[in-house]
Amino acid sequence: MKAFTYERATSVEQAASMAASNPDARFIAGGTNLLDLMKLQIETPLYLIDINHVGLDKIEPTDDGGLRIGAMVRNTALAADERVRRDYSVLSRALVAGASGQLRNKATTAGNLLQRTRCPYFYDTNQPCNKRQPGSGCSAIGGFSRQHAVVGTSEACIATHPSDMAIAMRALDAKVETVKGDGTRRTIPIADFHRLPGDTPHIETNLERGEFITAVNLPAPIGGKHVYRKVRDRASYAFALVSVAAVVQPDGTGRFAIGGVAHKPWRVDAADARLKAGAREAARAALADARPTEQNRYKLDLVERTLGAALAEAKG
Amino acid sequence: MKFEKPAEMNPIDRMKVVGQPIRRIDGELKVSGQAKYAYEWHDPAGRYAYGYPVGSAIAKGHILAIDSEAAQRAPGVLKVVTTLDVGDREKGKFNTAKLFGGSEIQHYHQAVAVVVAETFEQARDAAALLKIEYAEEAGSFSLKEAKSSAVKPKDAGGSEPDTSVGDFTGAFRSAEVTLDEEYSTPDQSHSMMEPHASLAAWDGDELTLWTSSQMIDWWRGDLATTLGIDKEKITLMSPFIGGGFGGKLFLRADAVLAAFAAKAIGRPVKVALPRPLMANNTTHRPATIQRIRIGASKDGKISAIGHESWSGDLAGGQPEAAVMQTRLLYAGKNRMTAMRLATLNLAEGNAMRAPGEAPGLMALEIAMDEMAEKLGMDPVAFRKLNDTQMDPENPERPFTQRNLNGCLDLGAERFGWKNRGKPRSRTEGNMLIGMGVAAAFRNNLLLPSAARVRLDQSGTLTVETDMTDIGTGSYTIIAQTAAEMLGLPINRVAVHLGDSRFPVSAGSGGQFGANCSTSGVYAACVKLREAIAAKLGFNSADAVFEDGQVRLGNRAVPLADAVGTEGLTGEDGVEWGDLSETHQQSTFGAHFVEVGVDRFTGETRIRRMLAVCAAGRILNPVTARSQVIGAMTMGVGGALTEELAVDERRGFFVNHDLAGYEVPVHADIPHQEVIFMEEADPYSSPMKAKGVGELGLCGVSAAIANAIYNATGVRLRHYPLTLDKMLHQLPDVA
């Protein structure tokens, strides 16, 4: 861990301006991912801005009937919120499927969106990794890739996004509210928040330098049956091989996002449209452009079967 | 004391303390954080510094140069000690790979430097500044590819690499029902809770090392060799150990680095191996490819059984002895086993809990299940039919005790085995439910073990031996043994372990620790009893030690009075005669498992587990049960998730942390039950005990594989039994 300067921000404005004046700054909230990366020298910020005291820890109703989740709301609190459990239970279920109780007590809504891949080559600083060291190459391609992405990949990177929460938010069409260093605010649909790796896998979101997430907005409830099905080798405390967040209406229509298959939460409009036709058609539409490796080809089948399980659960 | 004849009645048979369910005497220290583990020693002479180890970035080749200038200038850095600085060093005799010194790189993450600084963070930061220039060489990293070049090893852990009895080929060819299948087990990592850690402090030319070691004397000798000093100059302490599983049997790099670093800066230095370094820096259970052939008559009698195993290791290493149990477990007139060893340039393959039998039974006990199915027999009945009370390779040589069939019968009854249906016949919701069984087998190993016991004027009995407690309960069973021998309550016994100033014990490994170390304590207590009797003028053979007194006829003397103000000491050890040659000493068991497999996703979750063990006298049913359920848990990991994934291009284990290498979590482990058969084996030792710590792992994984088959109809032969290997064979659900 490099020596770094640590300062605490007490307001959003202060945090944004501190970040604007320090190009090497990183925000730290729960630190459940960043501290690990710093210990391994994968992230080496010289300046940390602690945002745990800026507020933003409320879940409030919005004018259009949705919910505004403060950036600093802890995963535990979000999963337990009565309104979330009632109207957006796919989100609640996704949250409790992730990490452990201790981690969820620390992890924040914004931090969860920004967590980085768990690709083992990303974590081993002896190995080439375009995400860690742009231009050095991707070790996972042709290497141990059982857990890696099958769709939306590039020649530069086949890493997945590890979040469960983000998969549910993608299914719910959440919107990310931000404030930039100059004080301007904007709202980014979650579909446009994370990026595919392309030639620049080290750039993972469309946030600008110093741009600060203030909240995640959920649109008004859409009803339907909410299911989050996470598949993993062990029963708990593991990242998804594949996960499916689905909201299914009584008439069999609905929407679904897939985790564990891409560099971002994976959702395809054409696949949503095929949902009523069943898991096979919908899964094939979702993964039409998949380019799996030999080791992760099983995920194509697994997505179909996991979606099948989710649809069966929604019906039941 | 030489143990040459089967034990007769002795004071242990009273079983007033031994055999009782006594809670760990060190439990309070552990749960209150007072038991000091290696990294928690803070009080050596002088303020200590931190050393951070640096692992090689290549798997094979040489170091051309190390530029440590930037690291040396980093804040807080006291010294950078590199493998080039210390030069070529003699390797200790127990390791295959060298730990530190010289320019040659034998495997990935081999220690190449230690950066010493005032704080841990400073040392870690500076470690990243080292610039190391390598000359990389091509290596061999795939067992599958190296298999054809594997050779018959000279040494197979003290056993013959090949055995052959009768005419296996002919008998197999003419058998009415045959099986010929290939199985594989992956490289596995010990993944114990406590990482390897050492604190080294020099006083002149004498070294004190606090470390985490299963085998004090082995470490001491090998450390002396590597440092080039006399063994007598080293004091080594390891009183508490946070798990080992074989990963701490042999000297490790943290001890060597700490010793060199402390010498270099003239201050004590503390070094722990970071978790991501452990998989590739230390040892692991090597992967195997196994071929099993079984031939039987239609009525289920095995006429031919053959087991071949291929594994890899660094040059000079040993094979994983995966065929050992097949030499002893089942009857059959015509038999063969063979081990072949390929040279691989991965980290050193070596012992991990139940080496040989664990991976061997993972294959053999699936084969037995397959064979039972081919014969149309119940797998319990098939195993029982092929039981043998004699060593099947040496039919004149009996087992001392062998109650495999009793374990199978009792287990079947308790588990509700009769309710097991045909494959894929039972469902609950989305779960396909199945049951599996496997035999458990592990030999009883005997190592010499010594102890010193001292009874003082206050009536306190103090035991000193360099025996280790790796979480197994050694403290407690040793206290029980000493209390029983002297007729004292257990709270009058103090036990001190893991210190090289004490008599040399068997140490912890190979499930020999409990039986051997308590036998050494027994021997020392015999000496003490003799000394007490002599002092009182009693004939020691007739003296009775009971209720804190020593009695002869109607004369009774409180022990505290008997020893007087000076106290009395007894020191002795146990050595073993040839009873393990004339007789076969082994432990047996039966594992029963029920699993649910999700019919959509193929996820396997364990629902119930039962182990029935026949392992001689159980010294403490509480600590023994903990050993067995821990081993069963390890077997769940071995069956379902654990695999060191090899990058065959770059030559290393990729998933080298606890996020990537998945061991079971609480949610994976359901109800576990353990039953111990009533036994006392007079051939094993004066304690009449054997080991159970490894037996509990032997066969579990195969029982899970067999349960998955029963649940799904999918036969998996390649571990770990992950969903991607069976998905395409599961019922269509779309």
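Peptide A:233-243 is shielded by partner chain Cβ atoms: per residue, an average of 6 of them sit within 10 Å of its Cβ. Here's the list of lysines a cross-link from A:K2 could span, going by alpha-carbon distance under 24 Å and ignoring same-chain residues fewer than 8 apart: A:K39, A:K106, A:K131, B:K79, B:K131, B:K270.
Over the stretch A:170-316, the alpha carbon radius of gyration divided by the compact-protein estimate 2.2 N^0.38 Å works out to 1.13. Rolling a 1.4 Å probe across the protein heavy atoms gives the stretch A:249-316 an accessible surface of 43 Å² per residue.
Scaled against 2.2 N^0.38 Å for its residue count N, the alpha carbon radius of gyration of the stretch B:269-311 is 2.26. When each of the peptides B:221-229, A:17-25, A:93-101 is scored by the mean number of other C-beta atoms lying within 10 Å of its residues, the order from highest to lowest reads A:93-101, B:221-229, A:17-25.
Extents of the stretch A:229-270, largest first, come to 34, 23, 10 Å (Cα atoms, principal axes, whole angstrom). Per-residue shielding of B:602-612, expressed as the average number of other chain Cβ atoms within 10 Å of the residue Cβ, stands at 2. The mean of 1/r over all distinct Cα pairs in the stretch B:315-445, once inverted, gives the Kirkwood hydrodynamic radius of 17.0 Å.
As an equivalent ellipsoid, the stretch B:175-293 spans semi-axes of 38, 15, 11 angstrom, where each value is the square root of five times an eigenvalue of the C-alpha gyration tensor, largest first.
Entry note, the protein assembly as shown: the mean residue ellipticity at 222 nm calculated from DSSP H runs of n ≥ 4, each adding -39500 (n - 2.57), is -7500 deg cm²/dmol after division by the residues and rounding to the nearest 500. Ranking B:L455, B:C516, B:V116 by Cα position along the charge dipole of chain B, where only Lys, Arg, Asp and Glu carry charges on their C-beta atoms, puts B:C516 farthest toward the positive end. Values of log10 I(q)/I(0) for the stretch B:633-734 across q = 0.15, 0.17, 0.20 Å⁻¹ run -0.82, -0.95, -1.11, by the Debye formula with one identical scatterer at each alpha carbon and no solvent.
Which of the three applies to the stretch A:1-151, rounded, prolate or oblate, going by the alpha-carbon gyration tensor with a ≥ b ≥ c and a/c under 1.5 meaning rounded? The shape class here is oblate.
Pairs B:K5/B:K91; B:K5/B:K384; B:K98/B:K231; B:K2/B:K154; A:K299/B:K147: which exceed 28 Å Cα-Cα? Result: B:K5/B:K91; B:K5/B:K384; B:K2/B:K154; A:K299/B:K147 exceed 28 Å. Extents of chain A, taken as max minus min of Cα coordinates on every principal axis and listed largest first, are 54, 49, 33 Å. For the stretch B:486-603, taking Cα atoms only, Rg and Dmax work out to 22.1, 78 Å respectively. Based on Cα atoms of the stretch B:281-365, Rg over Rh with Rh as the Kirkwood radius reads 1.06. All alpha carbon pair distances within the stretch B:322-390 were sorted into 10 Å bins beginning at 0; the resulting P(r) in whole percents reads 16, 43, 27, 11, 2. Between B:D561 and B:M9, the FRET efficiency estimated from the beta carbon spacing at R0 = 22 angstrom works out to 0.20. In µm²/s, what is D for the protein assembly as shown at 10 °C and 1.306 mPa s, where D = kT/(6 pi eta Rh) by Stokes-Einstein and Rh is the Kirkwood radius from Cα pairs? For the chosen part, D equals 51 µm²/s. For the peptides A:153-160, B:539-546, A:41-48, residues were scored by their other Cβ atoms within 10 Å and the scores averaged per peptide; the highest-first order is A:153-160, A:41-48, B:539-546.
Relative contact order for chain B: 17 percent, from Cα pairs under 8 Å spaced at least 6 residues apart, divided by residue count. For the protein assembly as shown, the Cβ-based charge dipole about the Cα centre amounts to some 2040 debye (Lys, Arg positive; Asp, Glu negative; other atoms uncharged). Among beta bridges from DSSP that stay inside the stretch B:458-581, the antiparallel ones total about 65%.
What is the sum of charges, Lys and Arg at +1 and Asp and Glu at -1, for the other residues whose Cβ falls under 10 Å from the Cβ of B:Q290? Once all neighbours under 10 Å are counted, the net charge is -2.
Taking Lys and Arg as +1 and Asp and Glu as -1, the other residues whose beta-carbon sits under 9 Å from that of B:G76 total -3.
Charged neighbours of B:A342, selected by a Cβ distance under 12 Å, balance to +1 (K, R count +1; D, E count -1). Scaled to the globular estimate 2.2 N^0.38 Å, the Cα spread of the stretch A:198-249, given as radius of gyration, is 1.67. Ranked by the mean number of other Cβ atoms within 10 Å of their residues, highest first, the peptides A:252-261, B:357-366 come out as B:357-366, A:252-261.
State the Cα centre-to-centre distance between the stretch B:301-334 and the stretch B:95-172 in whole Å. After rounding, the separation between the Cα centres reads 23 Å. Here the stretch A:178-220 yields Rg over Rh of 1.01, to two decimals, using C-alpha coordinates and the Kirkwood radius. When the Cα convex hull of the stretch B:650-696 is projected onto planes of every orientation, the mean area is 6.7 nm². Applying 0.36 nm per residue to the separation of B:T119 and B:T235 and subtracting their alpha-carbon distance, the gain on full extension is 39.2 nm.
With the gyration tensor restricted to C-alpha atoms of the stretch B:82-220, the semi-axes of the equivalent ellipsoid amount to 44, 21, 16 Å, longest first. Return the percentage of antiparallel bridges among DSSP beta bridges fully within chain B, rounded to the nearest 5 %. Looking only at bridges with both residues in chain B, the antiparallel portion is about 75 percent.
Over chain B, the reciprocal of the mean inverse Cα-Cα separation, the Kirkwood hydrodynamic radius, stands at 26.9 Å. Apolar share of the accessible surface for the stretch A:233-298: 48 percent from carbon plus sulfur atoms, 1.4 Å probe. Hey, which aspartates and glutamates would be in cross-link range of B:K422, C-alpha to C-alpha under 17 Å, not counting anything within fewer than 8 residues on its own chain? Reachable aspartates and glutamates: B:D369, B:E370, B:E373, B:D378, B:E594.
So if R0 is 35 Å, what FRET efficiency would A:I222 and A:A80 give, r being the distance between their Cβ atoms, rounded to the nearest 0.05? Once the sixth-power term is evaluated, E becomes 0.95. Across peptide B:649-659, the average count of Cβ atoms from other chains found within 10 Å of a residue's Cβ is 5. For the stretch B:1-155, the fraction of C-alpha pairs more than 21 angstrom apart is 67%. Alpha-carbon geometry of the stretch A:239-301: the Rg and the Dmax are 11.7, 38 Å, given in that order.
The values are calculated or read from the model by the stated rules, or taken from the named source; none is laboratory data. Fair warning: this is a prediction, and the values are worked out from it, not measured in the lab. Note: ideal-geometry Cβ built from the backbone for every residue, glycine included; neighbour counts use all protein chains shown. Quick note on the areas: whole protein, heavy atoms, side chains included, nothing else; ligands and nucleic acids left out. Shrake-Rupley method; radii C 1.70, N 1.55, O 1.52, S 1.80 Å.
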